[in-house]
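Visitor: Please see the structure below; I have some questions.
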Amino acid sequence: MSAFAWPAAFVVVMIAALLIFRVPLVRLIDRIRNVNIGKYGGIQAESIPPSQQSKAKEDAAAAGPVLDLEAVEDELRSMDNAVVRRNEPLVRQAMESLKPEQRERALLRYAVGTTVQLRFERNYLIIWGSQIAALQLLNTTVSATVEQVRAFYEKASSEFSVAYAAYAFEHWFNYLQSSVLVTSSGSAVSITVDGREFLKYLIDRGYSLSKPY
């Protein structure tokens, strides 16, 4: 890989990572109705009731890393701004100091790592406190029953009856599944690798695990 070819390689890797995670990100964005800055600077997002949530175009289970020229051009346009253009020469200079094999590894890790961080940030923006509490329980055991998980929903819905008025347990639970944070088989529910890493990310970032709702 030449010094002149690596920027194009980075664009392809970054766009591939973005498109692979397109479905979870679309579903997260679709749930946002309102974002407020809290009294002490915290960010809170109000979710769209399930009846108003838009349906993702692709099924997350069937989504794959498929690229096409139109998608690439769309992503390039979405990332084009003055700040990006100002910093591109700095990144180019830093990358040109690396050997080709080091450069490829760095580009891949930065692209995928940044995409995962973006996903976790949006998860945290939208997820409700009761769902984080359920994840914490699941993180301490191999699996739990659906009823054990439902207990977190029931407790929160009794405390925040207005917020939960149009938010059934099925939709509450489906959010955790569609975000690939938990998986279920019959009546057994388990946290996924993504779910564990999400909790670890919150702790590493110093984010509060005690969110509203």
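Visitor: Pairs needed: first member in segment 198-212, over 16 Å from Ile126 (Cβ atoms); second member anywhere, in a loop (DSSP other than H, G, I, E, B); C-beta distance under 9 Å; at least 6 residues apart or different chains.
Guide: Ile203/Leu209
Residues are listed down the side, and each one gets a yes or a no for (1) at pLDDT below 85; (2) more than 22 Å from the chain's Cα centre (by Cα); (3) in a helix (DSSP H, G or I); (4) β-branched (Val, Ile, Thr):
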site	(1), (2), (3), (4)
Ala45	yes, no, no, no
Glu70	yes, yes, yes, no
Gln93	no, yes, yes, no
Arg105	no, yes, yes, no
Arg109	no, no, yes, no
Val142	no, yes, no, yes
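Visitor: Next question, about the same structure. Any idea how many residues of segment 160-186 are under 15 Å from the mean Cα position of the chain (by Cα) and assigned to a loop (DSSP other than H, G, I, E, B)?
Guide: Matching residues across segment 160-186 total 3.
Visitor: Okay, next question. Between a residue in segment 155-171 that is among the aromatic types (Phe, Trp, Tyr) and any residue that is surrounded by 15 or more Cβ atoms within 10 Å (Cβ to Cβ) and assigned to a helix (DSSP H, G or I), which pairs come within a Cβ distance under 6 Å, given they are 6 or more apart or on different chains?
Guide: Tyr164/Ser157; Phe169/Arg150; Phe169/Tyr153
The values are calculated or read from the model by the stated rules, or taken from the named source; none is laboratory data. Everything quoted here is computed from the prediction, not taken from an experiment. Neighbour counts run over all protein chains shown; Cβ positions are idealised from the backbone, glycine included.
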